[in-house]
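Report on one structure; see the data block that follows.
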């Protein structure tokens, strides 16, 4: 009987001690990544292919500031490209090619930092800044047409969602989806016959590759 009473006393004491030990065990500290990153973007959009570059600086675990620049082709929504028997492509009624060159400054906010593993770090981003929309005559050969290029100035920006992936603290790899919008300051641009545009907006899927330091 005494042994049984001692057993009943020891069990609660042991459980209480285990609980205290568990409470004292600290949570795993979050991974700390380098505060600066630099790299490039490969862009696939509704208007075509593009390339970009960026610099980012972290102000806290969740807030990062950035500046980025890119160049990509943009098109009129009504454009339809055909390919002839000999493999040549052409777009009826097209007057000008257009290339978007935005310079954006913005903030990136990390999401779910307390609940997701460091291996996947999703974020929202918003950027604003000036843009140049460069046009070249469609009836001239692609590279020769840049001799007749015209620059049009615009204001705009983008909103986006993305995620940094992996635990490597030197190399940065991310995927992004962004919607860019730009409003031309001044006269519009004639991309198609008898059609002038002053605003441009399109989605991009982007692969980001860079270094952290």
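The values are calculated or read from the model by the stated rules, or taken from the named source; none is laboratory data. All values derive from a computational prediction rather than experimental measurement. Reconstructed Cβ throughout: ideal geometry from the backbone, glycine too, with neighbour counts over all protein chains shown.
Can you give me the number of residues within the range 78-127 that are out of contact with any strand residue (DSSP E or B) (no Cβ under 8 Å at 6 or more places or on another chain), over 30 Å from residue 154 (Cα atoms) and loosely packed, with under 13 Cβ neighbours inside 10 Å?
The number of residues fulfilling the criteria is 7.
Looking only at residues in the range 189-204 that are surrounded by fewer than 14 Cβ atoms within 10 Å (Cβ to Cβ) and touching a strand residue (DSSP E or B) at 6+ places or on another chain (Cβ under 7 Å), which one is modelled with the lowest pLDDT?
My answer is 196.
Scan (1) within 18 Å of the chain's Cα centre (by Cα); (2) modelled with pLDDT of 95 or more for the single condition residue 154 breaks and write down its number.
Among (1) within 18 Å of the chain's Cα centre (by Cα); (2) modelled with pLDDT of 95 or more, the lone unmet condition for residue 154 is (1).
Of all residues in the range 108-132, how many are over 14 Å from the mean Cα position of the chain (by Cα) and within 17 Å of residue 68 (Cβ to Cβ)?
Matching residues across the range 108-132 total 4.
Inspect the range 107-127 for any residue being touching a residue at least 12 places away in the same chain (Cβ under 8 Å) and within 26 Å of residue 78 (Cα to Cα) and give the result as yes or no.
Checking the range 107-127: not a single residue is touching a residue at least 12 places away in the same chain (Cβ under 8 Å) and within 26 Å of residue 78 (Cα to Cα).
Listed residues 23, 31; which is modelled with pLDDT under 80, out of contact with any helix residue (DSSP H, G or I) (no Cβ under 6 Å at 6 or more places or on another chain) and part of a helix (DSSP H, G or I)?
So the residue among 23, 31 that is modelled with pLDDT under 80, out of contact with any helix residue (DSSP H, G or I) (no Cβ under 6 Å at 6 or more places or on another chain) and part of a helix (DSSP H, G or I) is 23.
Among the residues that make up the range 95-104, is at least one of them farther than 30 Å from residue 32 by Cα, touching a helix residue (DSSP H, G or I) at 6+ places or on another chain (Cβ under 8 Å) and either modelled with pLDDT of 90 or more or not in a strand (DSSP E or B) (or both)?
Yes, because at least one residue in the range 95-104 is farther than 30 Å from residue 32 by Cα, touching a helix residue (DSSP H, G or I) at 6+ places or on another chain (Cβ under 8 Å) and either modelled with pLDDT of 90 or more or not in a strand (DSSP E or B) (or both).
Contact list please: Cβ distance under 6 Å, first residue in the range 136-156 and surrounded by fewer than 13 Cβ atoms within 10 Å (Cβ to Cβ), second residue outside any loop (DSSP other than H, G, I, E, B), pairs at least six apart or on different chains.
From residues that are surrounded by fewer than 13 Cβ atoms within 10 Å (Cβ to Cβ), the pairs are 148/137; 150/135; 151/132; 151/134.
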